[in-house]
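The values are calculated or read from the model by the stated rules, or taken from the named source; none is laboratory data. Fair warning: this is a prediction, and the values are worked out from it, not measured in the lab. Here Cβ is always computed from backbone atoms with ideal geometry, including for glycine, and neighbour counts include all displayed protein chains. The accessibility values were calculated without ligands, DNA or RNA, using every heavy atom of the protein model including side chains. Shrake-Rupley method; radii C 1.70, N 1.55, O 1.52, S 1.80 Å.
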Amino acid sequence: MATIRLKFRASTTLGKDGRLYYQVIHKRVVRQVATNCYISPGEWDENTEHLIHSLHTNTPRQRMLKNIAAELQWQQEQLMNIIKALDESGKDYTADEIALKYEKAFGNKDTVFTFFHRHITMLHEAGRHSTADHYDQTLRSFRNFREGCDLRFDMLTPQLALSYETWLKNHRLCRNTTSFYMRIMRTLYNKAVKANLTIDQHPFRHVYTGIDKTAKRAITIKDIKRIKGAELSHNLTLDFARDMFLLSFYLRGISPIDLAYLRKTDINQGYIVYSRSKTGQRMRIHIEPNIQVLLDKYKETGTQYLLPIIKREDGTEHAQYRNNTQRINRHLKKLTDKLDLSFPLTLYVARHSWASIAQSNHIPTSVISGAMGHDSEMTTQIYLASIQTSQIDEANSMIINSI
């Protein structure tokens, strides 16, 4: 039977980590199988050929070494399984066959981190920047949990998923936020299963992936009037943030990304017509006088975009959208304090407030789909898709004119 030995090769560059690899020995022939694990010389015991790490010390480096130890154990198990299967076949085999079988089965497969990166790139290329941002946010969270130590999808077990959920909870994240990360991880894992990167071990069956109902993120029509009437001419940044909030509200709670990416060509015969970035659903909004006032105020943008949220067309549009909407939300929080509002303003508050105020104005549930109060936005979209545009325009006009 073949044997396996773990070895360490120090880097030729002073101060740089060396690489761990396996020696596969069969019939006095030695072949090497590389790993993706790197450690410093002081973390390797040459006599015992083992990684030096503490089970009781909880420093970031020791946690990373524990992850490396788990990765090495998994790799050795796969090599031993290959050797066992070859032994049981009763056929003669060589050390080269062991190394080749391992490389074919595991060597060229994407790891979790690399698979994440590949899908983030594909989402950006497809123009799905918000979804790409969600994937990137989840990757950064999971990578922090793993202390930067990558892993293969076979190692993503139910126990590991539970450990990640516990780690998220220990960082004081609410259930909806932990569920957000878990749902994205589950989606990526299912893609990995389809790509034959792993068999389905159903690792997320014991973690929470639902959506809890949260407190309404909405303000009253009285608050909207105060925001509209605030004297901000002396503070252009607050004035701009207030105008973007009002436009988001006037445009039936348009999402921040759709607001930023509105183009001048989206205006057609008194309407703004655009496709939602999240769903592709076609939206058609009548331009009320209050809307026109703000569009006229910012008509000189110097770009194809309707509003100066994206100010340059140089390939950094998505970064501009993300940075400038974050800046708007920061100024909206300042406006909250200035007006002594009981609820912190954000662009998403404008979205929820339109639906809530529409409901309080006795606009039919079929028009506003229960003020977006469904457990999923998909249900809301199904309702809105069946409503006549004129009814929605009439409802929007009623709300805006009541301010």
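Some points to look at:
- Considering the range 164-195, and only residues there that are among the aliphatic types (A, V, I, L, M) and in a helix (DSSP H, G or I), the residue that is surrounded by the fewest Cβ atoms within 10 Å (Cβ to Cβ) turns out to be Val193.
- A single member of Ile98, Ile68 is assigned to a helix (DSSP H, G or I), buried (at least 18 other Cβ atoms within 10 Å of the Cβ) and at pLDDT 90 or above, and it is Ile98.
- Restricting attention to the range 352-387, the residues being at pLDDT 50 or above and part of a loop (DSSP other than H, G, I, E, B) number 4.
- Taken together, His26, His50 contain a single residue that is modelled with pLDDT of 90 or more and at negative phi, which is His26.
- Any pair with Cβ under 6 angstrom, 6 or more apart, that starts in the range 90-112 at a residue that is basic (Lys, Arg) and ends at one that is open to solvent by less than 90 Å² (accessible area, probe 1.4 Å): Lys101/Ile82; Lys109/Leu197
- Listed by position, the strands (runs of 3 or more DSSP E) inside the range 3-49 whose residues that are more than 30 Å from Asp87 (Cα to Cα) and either free of Cβ contacts under 8 Å to residues at least 40 places away in the same chain or charged (D, E, K, R) (or both) number at least 3 form an empty set.
- The criterion of at least 2 residues that are over 22 Å from Asn401 (Cβ atoms) is met by the following helices (runs of 4 or more DSSP H) wholly inside the range 202-313: 236-250, 256-260.
- Only one of the numbered conditions (1) small (Gly, Ala, Ser); (2) closer than 30 Å to Tyr164 by Cα; (3) surrounded by 14 or more Cβ atoms within 10 Å (Cβ to Cβ); (4) in contact with a Lys or Arg (Cβ under 8 Å, 6 or more places away or on another chain) is not met by Ser40, and that is (4).
- The condition (being modelled with pLDDT of 85 or more, open to solvent by 70 Å² or more (accessible area, probe 1.4 Å) and under 23 Å from Gly148 (Cα atoms)) is satisfied by just one residue among Gln73, Gln32: Gln73.
- Test: residue in the range 332-351 that is within 26 Å of the chain's Cα centre (by Cα), part of a helix (DSSP H, G or I), over 17 Å from Ser255 (Cβ atoms) and free of Cβ contacts under 8 Å to residues at least 24 places away in the same chain: yes
- Subset of the range 196-210 [crowded, with 17+ Cβ neighbours inside 10 Å and among the aliphatic types (A, V, I, L, M)]: Leu197, Val207
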